[in-house]
């Protein structure tokens, strides 16, 4: 973990985990999620867009083993057109995380969207608004 200390030293940051967000899509979504599990003292919030959980079949086992150490905020997104298998994988990970951690979880499955930048861009504002709030005083978008 060399990059975060470098960034905090070089730039004006608030280095606490509550103010440190990691987010990504596809493989970046998987990496963001895994970073939260592996470094719960560093990252406090994550945007997990269309996570490539299919590339890491052990992610459920890792989640089960580490979730009790996690107390953060997670925004999960998956497009409905990404397939039932991928949606189920993400939901299973969320269930394990929800049952075994004190984390706040916001999950979106957009039935009309797919695995692409356009879909992730569509939900970025919602992610950012929710992740930056305290989690209790934000109006959540239900319908357009």
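All of the numbers you see were taken from the coordinates with simple rules; none came from a lab. The model shown is predicted, which means the values in this text are computed figures rather than measured ones. Counting neighbours? That spans all protein chains shown, and the Cβs are built from the backbone with ideal geometry, glycine included.
How many residues are assigned to a loop (DSSP other than H, G, I, E, B) and touching a strand residue (DSSP E or B) at 6+ places or on another chain (Cβ under 7 Å) if we restrict to region 66-88? Step through it out loud before you land on a result.
Initially, region 66-88 is screened for residues assigned to a loop (DSSP other than H, G, I, E, B), giving 70-72, 83.
This time we only want the ones that are touching a strand residue (DSSP E or B) at 6+ places or on another chain (Cβ under 7 Å), so: 72.
So the answer is 1.
Of all residues in region 29-52, those being under 15 Å from residue 90 (Cα atoms) and crowded, with 22+ Cβ neighbours inside 10 Å number 9. Screening the candidates 91, 118 for the property of being farther than 24 Å from residue 20 by Cα, within 16 Å of the chain's Cα centre (by Cα) and either touching a residue at least 60 places away in the same chain (Cβ under 8 Å) or outside any strand (DSSP E or B) (or both) yields one hit, 91.
Here residue 31 fits the description: touching a strand residue (DSSP E or B) at 6+ places or on another chain (Cβ under 9 Å), without any contact (Cβ under 8 Å) to a residue 12 or more places away in the chain and closer than 17 Å to residue 72 by Cβ. Quick check on residue 62: is it surrounded by 15 or more Cβ atoms within 10 Å (Cβ to Cβ), under 16 Å from the mean Cα position of the chain (by Cα) and either at positive phi or not in a strand (DSSP E or B) (or both)? Against the criterion (surrounded by 15 or more Cβ atoms within 10 Å (Cβ to Cβ), under 16 Å from the mean Cα position of the chain (by Cα) and either at positive phi or not in a strand (DSSP E or B) (or both)), residue 62 qualifies.
Total residues in region 9-28 satisfying the condition of being touching a helix residue (DSSP H, G or I) at 6+ places or on another chain (Cβ under 7 Å) and surrounded by 18 or more Cβ atoms within 10 Å (Cβ to Cβ): the figure is 5. Scanning region 41-51 turns up at least one residue that is under 15 Å from residue 18 (Cα atoms), over 15 Å from the mean Cα position of the chain (by Cα) and not in a strand (DSSP E or B).
Residues are listed down the side, and each one gets a yes or a no for (1) touching a residue at least 40 places away in the same chain (Cβ under 8 Å); (2) over 23 Å from residue 123 (Cβ atoms); (3) in contact with a helix residue (DSSP H, G or I) (Cβ under 8 Å, 6 or more places away or on another chain):
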residue: 44; (1), (2), (3): no, no, yes
residue: 49; (1), (2), (3): yes, no, yes
residue: 64; (1), (2), (3): no, yes, yes
residue: 67; (1), (2), (3): no, yes, yes
residue: 75; (1), (2), (3): yes, no, yes
residue: 86; (1), (2), (3): no, no, yes
residue: 100; (1), (2), (3): no, yes, yes
